[in-house]
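The values are calculated or read from the model by the stated rules, or taken from the named source; none is laboratory data. Just so it is clear, the structure is predicted and the values come from calculations on it, not from any experiment. Here the Cβ positions follow ideal geometry from the backbone for every residue, glycine too, while neighbour counts run over all protein chains shown.
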Amino acid sequence: MNKQPIAKLNLIDKAIGYFSPETLLKRTHARMAVGAFQATGYITGGQRKRSMRGWWPRRKTADADMLPVRDSSVASCRDLAMNTPLALAPLVRIKTKVVGAGLTLQSRIDRRVLALGDDAADAWERKTEREFRVWAETQMCDITLGQNFYELQASAIYNACLSGDVFIALPFKPIKGHPYSLRVMLIESDNVSNPNDMADTAEIAGGIEVDDFGAPTFYHIKNAKFMQTQATWQKVPVFGSQSGRRNVYHLYDKLRPGQRRGMPLLAPVVEVLKQQTRLSEASLMATILNEFFTVFVRSNSGEGLAGGYVPPDTVVPTSDDGTPQQDVDKNVYELGPGNIVELGENEDISIADSKRPNENFEAFFMSFSKQVGAALEIPYEVLVLNFQSSYSAARAALLEAWSFFRSKRLWLVRGFCQPTYVEWLTEAVTIGRIDAPGFFSDPVIKNAWCGAQWAGPGPGMIDPKKELEAAEKAINLTLTTHEDERIAIYGGNVGDYESTVRRLGREQKLIESEGIAGGTAQGAGDGTQPTETQSIEELEDGR
(Lines give C-alpha, C1' and ligand atoms only; values in the text may rest on other atoms or scores of the structure.)
Protein backbone atom coordinates (compact mmCIF):
# COMPACT_ATOMS: atom_id res chain seq x y z
CA MET A 1 0.00 0.00 0.00
CA ASN A 2 1.38 3.46 -0.99
CA LYS A 3 1.79 5.86 1.89
CA GLN A 4 0.40 9.33 1.39
CA PRO A 5 2.70 12.20 2.29
CA ILE A 6 1.93 13.76 5.65
CA ALA A 7 1.80 17.55 5.80
CA LYS A 8 3.44 18.97 8.90
CA LEU A 9 2.10 22.26 10.23
CA ASN A 10 4.51 25.01 11.13
CA LEU A 11 3.77 28.05 13.32
CA ILE A 12 2.55 30.11 10.36
CA ASP A 13 0.17 27.30 9.33
CA LYS A 14 -1.22 27.07 12.85
CA ALA A 15 -1.76 30.83 12.97
CA ILE A 16 -3.54 30.80 9.60
CA GLY A 17 -5.66 27.82 10.68
CA TYR A 18 -6.78 29.63 13.81
CA PHE A 19 -8.26 32.49 11.79
CA SER A 20 -9.12 30.69 8.48
CA PRO A 21 -9.31 26.88 8.48
CA GLU A 22 -10.31 26.92 4.77
CA THR A 23 -7.11 28.77 3.80
CA LEU A 24 -5.08 26.32 5.86
CA LEU A 25 -6.70 23.38 4.03
CA LYS A 26 -5.86 24.82 0.59
CA ARG A 27 -2.32 25.62 1.71
CA THR A 28 -1.83 22.08 3.04
CA HIS A 29 -3.17 20.46 -0.17
CA ALA A 30 -0.87 22.59 -2.30
CA ARG A 31 2.14 21.64 -0.21
CA MET A 32 1.27 17.94 -0.43
CA ALA A 33 0.91 18.20 -4.23
CA VAL A 34 4.31 19.86 -4.58
CA GLY A 35 5.88 17.25 -2.32
CA ALA A 36 4.38 14.40 -4.35
CA PHE A 37 5.56 16.04 -7.58
CA GLN A 38 9.13 16.42 -6.32
CA ALA A 39 9.23 12.89 -4.94
CA THR A 40 8.42 11.12 -8.23
CA GLY A 41 9.32 11.29 -11.92
CA TYR A 42 12.45 12.70 -13.54
CA ILE A 43 14.64 15.21 -11.78
CA THR A 44 14.67 18.41 -13.83
CA GLY A 45 15.87 21.96 -13.63
CA GLY A 46 13.58 24.37 -11.87
CA GLN A 47 12.67 21.98 -9.06
CA ARG A 48 13.21 22.83 -5.42
CA LYS A 49 15.65 19.99 -5.05
CA ARG A 50 18.81 21.37 -3.47
CA SER A 51 21.12 20.13 -6.26
CA MET A 52 18.90 21.80 -8.93
CA ARG A 53 18.91 25.28 -7.42
CA GLY A 54 19.85 28.07 -9.81
CA TRP A 55 19.00 26.06 -12.93
CA TRP A 56 15.92 27.32 -14.76
CA PRO A 57 15.85 25.90 -18.32
CA ARG A 58 13.07 26.92 -20.72
CA ARG A 59 11.63 25.23 -23.78
CA LYS A 60 12.22 27.16 -27.02
CA THR A 61 12.16 26.53 -30.75
CA ALA A 62 15.37 25.61 -32.55
CA ASP A 63 15.76 29.12 -33.96
CA ALA A 64 15.03 30.75 -30.60
CA ASP A 65 17.69 28.60 -28.94
CA MET A 66 20.38 29.07 -31.57
CA LEU A 67 20.04 32.27 -33.58
CA PRO A 68 20.38 34.82 -30.72
CA VAL A 69 23.74 33.35 -29.68
CA ARG A 70 24.92 32.13 -33.05
CA ASP A 71 27.10 35.13 -33.97
CA SER A 72 28.95 35.09 -30.65
CA SER A 73 29.31 31.31 -30.86
CA VAL A 74 30.85 31.52 -34.35
CA ALA A 75 33.23 34.28 -33.21
CA SER A 76 34.26 32.26 -30.15
CA CYS A 77 34.90 29.11 -32.16
CA ARG A 78 36.93 30.94 -34.77
CA ASP A 79 39.06 32.58 -32.09
CA LEU A 80 39.66 29.21 -30.43
CA ALA A 81 40.55 27.61 -33.77
CA MET A 82 43.12 30.33 -34.43
CA ASN A 83 44.72 30.24 -30.98
CA THR A 84 44.05 26.87 -29.33
CA PRO A 85 45.70 23.68 -30.61
CA LEU A 86 43.06 21.42 -29.07
CA ALA A 87 40.31 23.41 -30.82
CA LEU A 88 42.04 23.28 -34.18
CA ALA A 89 42.72 19.55 -33.89
CA PRO A 90 39.19 18.22 -34.62
CA LEU A 91 38.74 20.65 -37.52
CA VAL A 92 41.92 19.66 -39.33
CA ARG A 93 41.39 16.01 -38.42
CA ILE A 94 37.97 16.07 -40.12
CA LYS A 95 39.34 17.88 -43.16
CA THR A 96 42.23 15.45 -43.54
CA LYS A 97 40.37 12.21 -42.85
CA VAL A 98 37.12 13.02 -44.62
CA VAL A 99 38.52 14.74 -47.72
CA GLY A 100 42.30 14.47 -47.69
CA ALA A 101 43.55 15.11 -51.20
CA GLY A 102 39.94 15.06 -52.43
CA LEU A 103 36.97 12.75 -52.93
CA THR A 104 37.29 11.31 -56.41
CA LEU A 105 34.39 10.43 -58.67
CA GLN A 106 33.67 6.75 -59.28
CA SER A 107 30.87 6.64 -61.86
CA ARG A 108 28.39 3.85 -61.02
CA ILE A 109 25.45 4.01 -63.42
CA ASP A 110 22.42 1.77 -63.01
CA ARG A 111 23.06 -0.70 -65.81
CA ARG A 112 19.82 -2.58 -65.36
CA VAL A 113 17.62 0.52 -65.71
CA LEU A 114 19.63 1.75 -68.70
CA ALA A 115 19.75 -1.73 -70.28
CA LEU A 116 23.48 -1.47 -70.92
CA GLY A 117 25.92 -4.36 -71.17
CA ASP A 118 29.01 -4.42 -68.99
CA ASP A 119 31.40 -3.41 -71.77
CA ALA A 120 29.29 -0.44 -72.85
CA ALA A 121 28.66 0.63 -69.26
CA ASP A 122 32.35 0.39 -68.35
CA ALA A 123 33.30 2.48 -71.37
CA TRP A 124 30.70 5.14 -70.51
CA GLU A 125 31.85 5.33 -66.89
CA ARG A 126 35.52 5.66 -67.85
CA LYS A 127 34.76 8.38 -70.39
CA THR A 128 32.62 10.32 -67.91
CA GLU A 129 35.30 10.14 -65.21
CA ARG A 130 37.92 11.42 -67.69
CA GLU A 131 35.63 14.23 -68.78
CA PHE A 132 34.83 15.19 -65.19
CA ARG A 133 38.55 15.48 -64.42
CA VAL A 134 38.84 18.04 -67.22
CA TRP A 135 36.56 20.26 -65.15
CA ALA A 136 37.42 19.23 -61.58
CA GLU A 137 41.22 19.18 -61.68
CA THR A 138 41.62 22.79 -62.76
CA GLN A 139 40.91 26.01 -60.91
CA MET A 140 38.48 26.93 -63.66
CA CYS A 141 35.73 25.19 -61.71
CA ASP A 142 36.04 27.79 -58.93
CA ILE A 143 34.30 31.12 -59.47
CA THR A 144 37.31 32.82 -57.83
CA LEU A 145 39.80 30.74 -59.88
CA GLY A 146 41.58 29.89 -56.64
CA GLN A 147 40.91 26.20 -56.01
CA ASN A 148 40.14 23.03 -57.89
CA PHE A 149 37.12 20.91 -57.02
CA TYR A 150 39.00 18.73 -54.53
CA GLU A 151 40.34 21.75 -52.66
CA LEU A 152 36.84 23.23 -52.65
CA GLN A 153 35.63 20.08 -50.90
CA ALA A 154 38.14 20.57 -48.10
CA SER A 155 37.28 24.26 -47.81
CA ALA A 156 33.55 23.50 -47.69
CA ILE A 157 33.70 20.95 -44.90
CA TYR A 158 36.23 22.95 -42.87
CA ASN A 159 34.11 26.10 -42.94
CA ALA A 160 30.88 24.20 -42.34
CA CYS A 161 32.40 22.72 -39.17
CA LEU A 162 34.08 25.96 -38.10
CA SER A 163 31.17 28.35 -38.66
CA GLY A 164 28.23 25.96 -38.53
CA ASP A 165 27.32 26.09 -42.20
CA VAL A 166 28.42 27.14 -45.64
CA PHE A 167 26.38 28.00 -48.73
CA ILE A 168 27.15 26.75 -52.24
CA ALA A 169 25.98 28.49 -55.39
CA LEU A 170 26.49 26.91 -58.82
CA PRO A 171 26.37 29.75 -61.36
CA PHE A 172 27.36 29.59 -65.02
CA LYS A 173 30.26 31.77 -66.14
CA PRO A 174 31.83 31.00 -69.54
CA ILE A 175 35.61 31.19 -69.78
CA LYS A 176 37.27 31.32 -73.16
CA GLY A 177 39.07 28.10 -74.01
CA HIS A 178 37.30 26.01 -71.37
CA PRO A 179 34.47 23.69 -72.42
CA TYR A 180 32.35 24.06 -69.28
CA SER A 181 30.62 27.11 -67.84
CA LEU A 182 29.59 25.67 -64.47
CA ARG A 183 31.37 27.30 -61.53
CA VAL A 184 31.34 26.66 -57.79
CA MET A 185 30.86 29.62 -55.46
CA LEU A 186 31.38 29.04 -51.74
CA ILE A 187 29.53 31.64 -49.66
CA GLU A 188 30.78 32.14 -46.13
CA SER A 189 28.30 31.83 -43.32
CA ASP A 190 28.56 35.52 -42.33
CA ASN A 191 27.37 36.70 -45.75
CA VAL A 192 23.89 35.23 -45.30
CA SER A 193 22.03 37.52 -42.91
CA ASN A 194 18.86 39.53 -42.56
CA PRO A 195 18.61 42.55 -44.88
CA ASN A 196 20.01 45.67 -43.22
CA ASP A 197 20.72 43.50 -40.16
CA MET A 198 17.06 43.64 -39.17
CA ALA A 199 15.81 41.60 -36.22
CA ASP A 200 14.69 38.01 -36.78
CA THR A 201 11.05 37.43 -37.56
CA ALA A 202 8.93 34.33 -38.16
CA GLU A 203 9.34 34.84 -41.91
CA ILE A 204 13.00 35.90 -42.15
CA ALA A 205 15.55 34.71 -39.61
CA GLY A 206 19.27 34.14 -39.96
CA GLY A 207 19.10 35.50 -43.51
CA ILE A 208 16.77 32.73 -44.66
CA GLU A 209 13.22 33.35 -45.75
CA VAL A 210 10.86 30.39 -45.40
CA ASP A 211 7.34 29.48 -46.48
CA ASP A 212 4.45 28.34 -44.30
CA PHE A 213 5.97 24.85 -44.04
CA GLY A 214 9.40 26.07 -42.99
CA ALA A 215 11.05 25.33 -46.35
CA PRO A 216 13.56 27.98 -47.53
CA THR A 217 12.35 30.17 -50.37
CA PHE A 218 14.98 32.91 -50.47
CA TYR A 219 18.52 33.44 -49.19
CA HIS A 220 19.49 37.01 -48.37
CA ILE A 221 23.16 37.28 -49.31
CA LYS A 222 25.18 40.30 -48.24
CA ASN A 223 27.43 41.79 -50.90
CA ALA A 224 30.09 43.28 -48.67
CA LYS A 225 33.71 43.76 -49.69
CA PHE A 226 36.75 44.54 -47.60
CA MET A 227 36.69 48.12 -46.26
CA GLN A 228 33.28 48.66 -47.87
CA THR A 229 31.25 51.13 -45.81
CA GLN A 230 27.81 50.37 -47.20
CA ALA A 231 26.67 46.77 -47.59
CA THR A 232 23.86 45.64 -49.86
CA TRP A 233 21.79 42.46 -49.84
CA GLN A 234 20.74 40.32 -52.76
CA LYS A 235 17.56 38.27 -52.47
CA VAL A 236 18.37 34.96 -54.17
CA PRO A 237 15.56 32.45 -54.75
CA VAL A 238 16.31 28.86 -53.80
CA PHE A 239 14.95 27.64 -57.15
CA GLY A 240 14.97 29.37 -60.50
CA SER A 241 11.52 30.65 -61.43
CA GLN A 242 11.69 29.36 -65.01
CA SER A 243 14.15 26.48 -64.98
CA GLY A 244 13.30 25.10 -61.54
CA ARG A 245 17.04 24.58 -61.07
CA ARG A 246 18.35 24.96 -57.53
CA ASN A 247 20.43 28.09 -57.21
CA VAL A 248 21.90 27.68 -53.72
CA TYR A 249 22.68 24.66 -51.55
CA HIS A 250 22.98 24.96 -47.79
CA LEU A 251 25.50 22.63 -46.17
CA TYR A 252 24.81 22.31 -42.45
CA ASP A 253 23.98 19.70 -39.84
CA LYS A 254 20.26 19.99 -39.13
CA LEU A 255 19.68 18.53 -35.68
CA ARG A 256 16.21 19.84 -34.87
CA PRO A 257 13.01 20.43 -36.87
CA GLY A 258 12.68 24.06 -37.87
CA GLN A 259 16.40 24.74 -37.53
CA ARG A 260 17.40 27.23 -40.23
CA ARG A 261 21.10 27.66 -39.51
CA GLY A 262 23.85 25.37 -38.31
CA MET A 263 25.89 25.74 -35.15
CA PRO A 264 29.70 25.42 -35.09
CA LEU A 265 31.10 21.98 -34.35
CA LEU A 266 32.94 23.36 -31.32
CA ALA A 267 29.93 25.19 -29.86
CA PRO A 268 29.15 22.59 -27.13
CA VAL A 269 32.76 22.55 -25.89
CA VAL A 270 33.66 26.25 -26.04
CA GLU A 271 33.92 26.62 -22.27
CA VAL A 272 35.99 23.46 -21.87
CA LEU A 273 38.38 24.56 -24.62
CA LYS A 274 38.75 28.07 -23.19
CA GLN A 275 39.50 26.76 -19.72
CA GLN A 276 42.03 24.34 -21.17
CA THR A 277 43.65 27.25 -23.02
CA ARG A 278 43.92 29.26 -19.82
CA LEU A 279 45.37 26.29 -17.97
CA SER A 280 47.97 25.74 -20.70
CA GLU A 281 48.94 29.40 -20.83
CA ALA A 282 49.22 29.66 -17.05
CA SER A 283 51.30 26.48 -16.81
CA LEU A 284 53.55 27.57 -19.64
CA MET A 285 54.13 31.03 -18.18
CA ALA A 286 54.77 29.65 -14.70
CA THR A 287 57.24 27.13 -16.08
CA ILE A 288 59.10 29.83 -18.02
CA LEU A 289 59.28 32.08 -14.97
CA ASN A 290 60.52 29.18 -12.90
CA GLU A 291 63.42 28.71 -15.33
CA PHE A 292 64.51 32.35 -15.29
CA PHE A 293 67.62 33.29 -13.32
CA THR A 294 67.35 36.90 -12.20
CA VAL A 295 69.58 38.77 -9.77
CA PHE A 296 68.15 41.71 -7.83
CA VAL A 297 70.67 44.30 -6.57
CA ARG A 298 69.92 46.95 -3.95
CA SER A 299 72.23 49.95 -3.76
CA ASN A 300 72.39 51.87 -0.48
CA SER A 301 74.54 54.60 -1.99
CA GLY A 302 71.78 55.79 -4.28
CA GLU A 303 74.18 55.90 -7.24
CA GLY A 304 72.75 52.76 -8.85
CA LEU A 305 74.57 50.25 -10.99
CA ALA A 306 77.58 51.31 -12.97
CA GLY A 307 76.68 52.39 -16.44
CA GLY A 308 72.96 52.50 -15.80
CA TYR A 309 71.99 48.87 -16.48
CA VAL A 310 69.03 48.33 -18.79
CA PRO A 311 67.30 44.90 -18.82
CA PRO A 312 67.69 42.85 -22.02
CA ASP A 313 65.15 43.35 -24.84
CA THR A 314 64.26 46.79 -23.46
CA VAL A 315 63.49 49.25 -26.27
CA VAL A 316 65.52 52.37 -25.59
CA PRO A 317 64.17 55.50 -27.31
CA THR A 318 66.72 57.35 -29.44
CA SER A 319 66.99 60.87 -30.79
CA ASP A 320 67.10 61.74 -34.48
CA ASP A 321 70.90 61.46 -34.41
CA GLY A 322 70.73 57.96 -32.88
CA THR A 323 71.83 58.86 -29.34
CA PRO A 324 69.85 57.14 -26.53
CA GLN A 325 67.39 59.26 -24.60
CA GLN A 326 67.51 59.07 -20.82
CA ASP A 327 63.82 58.51 -20.20
CA VAL A 328 63.83 54.74 -19.69
CA ASP A 329 61.48 53.86 -16.85
CA LYS A 330 63.76 52.23 -14.27
CA ASN A 331 60.78 51.22 -12.18
CA VAL A 332 59.77 48.57 -14.72
CA TYR A 333 61.29 45.32 -13.46
CA GLU A 334 61.31 42.27 -15.71
CA LEU A 335 62.34 38.70 -15.08
CA GLY A 336 64.54 37.21 -17.74
CA PRO A 337 67.37 34.81 -18.45
CA GLY A 338 70.44 36.26 -16.78
CA ASN A 339 68.78 39.58 -15.87
CA ILE A 340 70.35 41.90 -13.29
CA VAL A 341 67.73 44.29 -11.95
CA GLU A 342 68.49 47.27 -9.72
CA LEU A 343 66.10 47.92 -6.86
CA GLY A 344 65.58 51.38 -5.51
CA GLU A 345 66.13 52.38 -1.94
CA ASN A 346 63.58 50.85 0.46
CA GLU A 347 62.37 48.47 -2.28
CA ASP A 348 62.19 44.73 -1.91
CA ILE A 349 61.22 41.80 -4.11
CA SER A 350 58.94 38.91 -3.22
CA ILE A 351 58.10 36.06 -5.61
CA ALA A 352 55.44 33.47 -4.88
CA ASP A 353 56.47 29.85 -5.25
CA SER A 354 54.71 28.70 -8.41
CA LYS A 355 55.22 24.97 -7.78
CA ARG A 356 55.90 24.48 -11.47
CA PRO A 357 56.02 22.45 -13.56
CA ASN A 358 52.59 21.21 -12.47
CA GLU A 359 52.67 17.44 -12.15
CA ASN A 360 48.90 17.25 -12.74
CA PHE A 361 48.92 19.22 -15.97
CA GLU A 362 48.98 16.20 -18.29
CA ALA A 363 46.14 14.55 -16.35
CA PHE A 364 44.08 17.73 -16.65
CA PHE A 365 44.88 18.04 -20.34
CA MET A 366 43.86 14.45 -21.05
CA SER A 367 40.66 14.96 -19.08
CA PHE A 368 39.80 17.98 -21.22
CA SER A 369 40.70 16.08 -24.38
CA LYS A 370 38.43 13.20 -23.44
CA GLN A 371 35.51 15.55 -22.84
CA VAL A 372 36.06 17.27 -26.19
CA GLY A 373 36.49 13.95 -28.00
CA ALA A 374 33.36 12.46 -26.45
CA ALA A 375 31.28 15.48 -27.50
CA LEU A 376 32.65 15.49 -31.05
CA GLU A 377 32.64 11.68 -31.57
CA ILE A 378 36.41 11.63 -32.02
CA PRO A 379 38.29 9.41 -29.53
CA TYR A 380 40.89 11.43 -27.68
CA GLU A 381 43.68 9.16 -28.97
CA VAL A 382 42.82 10.26 -32.51
CA LEU A 383 42.13 13.83 -31.43
CA VAL A 384 45.59 14.35 -29.91
CA LEU A 385 47.35 11.68 -32.03
CA ASN A 386 48.52 9.83 -28.94
CA PHE A 387 48.53 6.04 -29.33
CA GLN A 388 50.22 4.47 -26.32
CA SER A 389 47.78 1.68 -25.54
CA SER A 390 47.52 -1.83 -26.96
CA TYR A 391 46.89 -2.72 -30.59
CA SER A 392 43.29 -3.64 -29.81
CA ALA A 393 42.61 -0.36 -28.01
CA ALA A 394 44.25 1.71 -30.74
CA ARG A 395 42.32 -0.13 -33.45
CA ALA A 396 39.05 0.30 -31.53
CA ALA A 397 39.72 4.05 -31.29
CA LEU A 398 40.44 4.27 -35.02
CA LEU A 399 37.35 2.27 -35.94
CA GLU A 400 35.20 4.50 -33.74
CA ALA A 401 36.72 7.60 -35.28
CA TRP A 402 36.21 6.29 -38.80
CA SER A 403 32.52 5.69 -38.12
CA PHE A 404 32.31 9.44 -37.53
CA PHE A 405 34.54 10.36 -40.48
CA ARG A 406 32.54 8.17 -42.87
CA SER A 407 29.27 9.74 -41.75
CA LYS A 408 30.78 13.18 -42.32
CA ARG A 409 32.02 12.09 -45.75
CA LEU A 410 28.55 10.89 -46.71
CA TRP A 411 27.15 14.19 -45.42
CA LEU A 412 29.57 16.13 -47.64
CA VAL A 413 28.85 13.91 -50.64
CA ARG A 414 25.09 14.30 -50.35
CA GLY A 415 25.21 18.02 -49.65
CA PHE A 416 27.96 19.14 -52.02
CA CYS A 417 29.77 16.60 -54.21
CA GLN A 418 26.82 14.73 -55.72
CA PRO A 419 24.64 17.81 -56.39
CA THR A 420 27.61 19.47 -58.08
CA TYR A 421 28.28 16.36 -60.17
CA VAL A 422 24.63 16.22 -61.28
CA GLU A 423 24.81 19.86 -62.38
CA TRP A 424 28.08 19.22 -64.21
CA LEU A 425 26.73 16.10 -65.95
CA THR A 426 23.59 18.00 -66.96
CA GLU A 427 25.76 20.61 -68.68
CA ALA A 428 27.98 17.94 -70.24
CA VAL A 429 24.95 16.18 -71.76
CA THR A 430 23.44 19.50 -72.83
CA ILE A 431 26.53 20.61 -74.77
CA GLY A 432 27.00 17.14 -76.26
CA ARG A 433 30.27 16.11 -74.61
CA ILE A 434 28.56 13.16 -72.90
CA ASP A 435 25.92 10.99 -74.57
CA ALA A 436 23.14 9.93 -72.19
CA PRO A 437 19.92 8.94 -74.01
CA GLY A 438 16.74 9.77 -72.13
CA PHE A 439 18.56 12.01 -69.66
CA PHE A 440 15.98 14.81 -69.87
CA SER A 441 12.91 12.70 -70.59
CA ASP A 442 12.55 10.70 -67.36
CA PRO A 443 13.79 11.44 -63.81
CA VAL A 444 14.40 7.71 -63.24
CA ILE A 445 16.68 7.52 -66.29
CA LYS A 446 18.47 10.72 -65.28
CA ASN A 447 19.05 9.33 -61.81
CA ALA A 448 20.42 6.11 -63.32
CA TRP A 449 22.95 8.07 -65.40
CA CYS A 450 23.96 10.16 -62.36
CA GLY A 451 24.83 7.20 -60.12
CA ALA A 452 28.22 7.67 -58.49
CA GLN A 453 30.41 6.82 -55.54
CA TRP A 454 32.97 9.16 -54.02
CA ALA A 455 36.16 7.60 -52.76
CA GLY A 456 38.50 9.34 -50.36
CA PRO A 457 41.41 8.49 -48.08
CA GLY A 458 41.18 5.21 -46.20
CA PRO A 459 41.85 4.57 -42.51
CA GLY A 460 45.19 2.88 -43.17
CA MET A 461 46.39 -0.14 -41.23
CA ILE A 462 47.81 -0.64 -37.76
CA ASP A 463 48.79 -4.27 -38.34
CA PRO A 464 48.90 -4.87 -42.14
CA LYS A 465 49.23 -8.64 -41.81
CA LYS A 466 46.09 -9.07 -39.73
CA GLU A 467 44.02 -6.60 -41.70
CA LEU A 468 45.01 -7.93 -45.12
CA GLU A 469 44.20 -11.45 -43.98
CA ALA A 470 40.77 -10.22 -42.86
CA ALA A 471 40.25 -8.52 -46.24
CA GLU A 472 41.28 -11.69 -48.08
CA LYS A 473 38.80 -13.76 -46.06
CA ALA A 474 36.00 -11.26 -46.74
CA ILE A 475 36.71 -11.45 -50.48
CA ASN A 476 36.78 -15.26 -50.42
CA LEU A 477 33.40 -15.27 -48.65
CA THR A 478 32.05 -12.94 -51.39
CA LEU A 479 31.21 -10.31 -48.78
CA THR A 480 33.14 -7.63 -50.63
CA THR A 481 35.24 -7.07 -53.77
CA HIS A 482 38.90 -6.47 -54.44
CA GLU A 483 38.14 -2.91 -55.50
CA ASP A 484 36.03 -2.16 -52.42
CA GLU A 485 38.73 -3.52 -50.10
CA ARG A 486 41.39 -1.54 -51.87
CA ILE A 487 39.39 1.67 -51.49
CA ALA A 488 38.57 0.88 -47.85
CA ILE A 489 42.23 0.34 -46.94
CA TYR A 490 44.16 2.70 -49.20
CA GLY A 491 41.47 5.16 -50.19
CA GLY A 492 40.15 6.15 -53.58
CA ASN A 493 42.72 8.72 -54.62
CA VAL A 494 45.75 6.48 -54.98
CA GLY A 495 44.90 5.37 -58.52
CA ASP A 496 41.87 3.39 -59.60
CA TYR A 497 41.65 -0.36 -59.18
CA GLU A 498 41.60 -1.22 -62.89
CA SER A 499 44.78 0.68 -63.62
CA THR A 500 46.41 -1.05 -60.65
CA VAL A 501 45.47 -4.48 -62.01
CA ARG A 502 46.74 -3.57 -65.48
CA ARG A 503 50.08 -2.43 -64.05
CA LEU A 504 50.33 -5.64 -62.03
CA GLY A 505 49.71 -7.60 -65.24
CA ARG A 506 52.53 -5.79 -67.01
CA GLU A 507 54.85 -6.38 -64.06
CA GLN A 508 53.97 -10.07 -63.97
CA LYS A 509 54.77 -10.45 -67.66
CA LEU A 510 58.12 -8.74 -67.10
CA ILE A 511 58.87 -11.02 -64.13
CA GLU A 512 58.04 -14.15 -66.14
CA SER A 513 60.10 -12.96 -69.11
CA GLU A 514 63.13 -12.71 -66.80
CA GLY A 515 62.67 -16.25 -65.51
CA ILE A 516 61.30 -15.21 -62.12
CA ALA A 517 58.34 -16.98 -60.54
CA GLY A 518 56.56 -15.78 -57.42
CA GLY A 519 59.13 -13.04 -56.87
CA THR A 520 62.11 -15.49 -56.53
CA ALA A 521 64.49 -16.72 -59.17
CA GLN A 522 63.63 -20.09 -60.68
CA GLY A 523 65.92 -22.40 -58.78
CA ALA A 524 67.91 -21.44 -55.75
CA GLY A 525 71.29 -21.84 -57.39
CA ASP A 526 71.24 -25.64 -57.40
CA GLY A 527 68.32 -26.23 -59.74
CA THR A 528 65.87 -26.96 -56.92
CA GLN A 529 62.50 -25.26 -56.33
CA PRO A 530 61.11 -24.48 -52.90
CA THR A 531 58.16 -26.70 -52.03
CA GLU A 532 55.05 -25.80 -50.06
CA THR A 533 56.55 -27.25 -46.90
CA GLN A 534 60.09 -25.99 -47.43
CA SER A 535 60.81 -22.30 -46.93
CA ILE A 536 63.39 -20.17 -48.68
CA GLU A 537 65.24 -19.79 -45.37
CA GLU A 538 65.59 -23.58 -45.08
CA LEU A 539 67.04 -23.81 -48.58
CA GLU A 540 69.52 -21.05 -47.81
CA ASP A 541 70.60 -22.90 -44.66
CA GLY A 542 71.17 -26.08 -46.68
CA ARG A 543 68.44 -27.99 -44.87
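Observations, loosely collected:
- Residues considered: D212, D190. Of these, the only one that is part of a helix (DSSP H, G or I) and surrounded by fewer than 20 Cβ atoms within 10 Å (Cβ to Cβ) is D190.
- Looking across L145, L162, L182, one residue alone is within 30 Å of the chain's Cα centre (by Cα), surrounded by fewer than 17 Cβ atoms within 10 Å (Cβ to Cβ), under 30 Å from F218 (Cβ atoms) and among the aliphatic types (A, V, I, L, M). It is L145.
- Residue in the range 387-410 that is within 14 Å of the chain's Cα centre (by Cα), more than 15 Å from A156 (Cα to Cα) and charged (D, E, K, R) present: yes
- Among (1) in contact (Cβ under 8 Å) with a residue 40 or more places away in the chain; (2) more than 22 Å from I143 (Cα to Cα); (3) touching a strand residue (DSSP E or B) at 6+ places or on another chain (Cβ under 9 Å) - the single one Y249 does not satisfy: (2)
Residues are listed down the side, and each one gets a yes or a no for (1) of a type in the set (F, W, Y); (2) in a loop (DSSP other than H, G, I, E, B):
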| position | (1), (2) |
| --- | --- |
| T201 | no, yes |
| H220 | no, no |
| Q230 | no, yes |
| W233 | yes, no |
| S241 | no, yes |
| V270 | no, no |
| Q276 | no, no |
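- Entry remark, the range 138-176: residues being part of a helix (DSSP H, G or I) and at positive phi number 0 in total.
Yes/no matrix, rows are residues, columns are (1) farther than 27 Å from A136 by Cα; (2) among the small types (G, A, S):
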site: C161; (1), (2): no, no
site: V166; (1), (2): no, no
site: Y180; (1), (2): no, no
site: S193; (1), (2): yes, yes
site: D197; (1), (2): yes, no
site: D212; (1), (2): yes, no
site: I221; (1), (2): no, no
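- Residue in the range 388-404 that is more than 27 Å from K173 (Cβ to Cβ), in contact with a strand residue (DSSP E or B) (Cβ under 6 Å, 6 or more places away or on another chain) and either modelled with pLDDT under 90 or buried (at least 16 other Cβ atoms within 10 Å of the Cβ) (or both) present: no
- When we screen G206, G262 for residues that are surrounded by 14 or more Cβ atoms within 10 Å (Cβ to Cβ), small (G, A, S), closer than 25 Å to V166 by Cβ and touching a Phe, Trp or Tyr at 6+ places or on another chain (Cβ under 6 Å), the only hit is G262.
- Unique residue being closer than 23 Å to Y249 by Cβ and of a type in the set (V, I, T) when the list is V184, V92: V184
- Contact annotation: residue pairs with Cβ atoms under 8 Å, 6 or more positions apart or on different chains, pairing a residue in the range 53-67 that is under 18 Å from R256 (Cα atoms) with a partner that is of a type in the set (S, T, N, Q) and surrounded by 15 or more Cβ atoms within 10 Å (Cβ to Cβ), are A62/Q259; D63/Q259; M66/Q259.
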